[in-house]
Amino acid sequence: LLFDLVKYCRQLVEEVRLNLKSQHLVNFSSQYQSISCYMDEKLLGHILSNLLSNALKYSPDGSLVNFNLSCQEGQAVFEIQDQGIGIPEEDMPRLFESFHRARNVGNILGTGLGLAIVKKCVDIHQGTINVNTLLGVGSNFIVTLPLKKYNMR
Ligand code: ATP
Ligand code: MG
C-alpha cells in the first residue's frame, strides 16, 4: 500500500506518548517532511512498536528515547536509541532467538519474543537490523527497509 512513512512514524510516536505509563521523553525526528512509498503497514508496525517498547522497558523512567527516520540509497533507515541498561556481549549472538533474554534483565518482565518477531518482519521485507549497545549506557537499533517505489521531499 502507498503511504507516507514520516506521517506514519509521527502518528505511531504520538500513540506511544499517549499510552505511556512512565515519564520517558519520546522524541521523533526526520530530515524529511514526507516519504511516500509502498510498504506493508502491519509488518512495519510490528517492527517499530516492538523496538519502541523495548527502548522504554529497558531504560530508566524519565530517560530519553530517540527515534530517527532517514532515507539513503533507496532504503528507509529507522533508528531507535535509548539510554538504558544495554546488552551484554555474551547475549548478542542469541539476541534474535525466540525466548532468549539477556542476563542483565533483572526483574524486568518479558517473554523474549519481540525481537524474534522483529527479525522475521525485517527478513520478509528484505531489510537489515543492526544493534550498537554499551552496557549501562544504552542501545541503538538500526533497521533498514528497501523502499520499492518512493517519493521524498
Ligand atoms: P517480549 O516478548 O515481551 O518483547 P522481551 O522484551 O524480553 O519480551 P525481546 O523484545 O525479544 O524480548 O528482547 C530480547 C531480549 O533482548 C530482552 O529480554 C533483553 O534482554 C534484550 N533487549 C532487547 N531490547 C533491549 C534494549 N533496548 N535494551 C536492553 N536490552 C534489550
Ligand atoms: Mg520486547
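The values are calculated or read from the model by the stated rules, or taken from the named source; none is laboratory data. Just so it is clear, the structure is predicted and the values come from calculations on it, not from any experiment. Heads up, the Cβs are rebuilt from the backbone with ideal geometry, glycines too, and the neighbour counts pull from every protein chain shown. The area values use the complete protein model at the heavy-atom level, side chains included, leaving out ligands, DNA and RNA. Shrake-Rupley method; radii C 1.70, N 1.55, O 1.52, S 1.80 Å.
In terms of overall dimensions, segment 1-56 has a Cα radius of gyration and Dmax of 11.8, 35 angstrom. A Förster radius of 22 Å, combined with the Cβ-Cβ distance separating residue 75 from residue 15, puts the computed FRET efficiency at roughly 0.35.
Computed from backbone phi, the HN-Hα couplings of segment 73-87 come to 6, x, 10, 7, 10, 10, 10, 10, 10, 10, 10, x, 6, x, 10 Hz, rounded to whole numbers (Karplus: 6.51 cos²θ - 1.76 cosθ + 1.60, θ = phi - 60°; Gly and Pro given as x). When only the Cβ of Lys, Arg, Asp and Glu is charged (+1, +1, -1, -1), the dipole of the chain relative to its Cα centre reaches about 280 debye. Split the accessible area of the chain by element, probe 1.4 Å, and carbon with sulfur accounts for 52%. Rolling a 1.4 angstrom probe over the protein heavy atoms with all chains in place gives the chain an accessible area of 56 Å² per residue. Springs join every pair of Cα atoms under 10 Å in this Gaussian network model of the chain, and among 77, 105, 26 the largest mean-square fluctuation is at 105.
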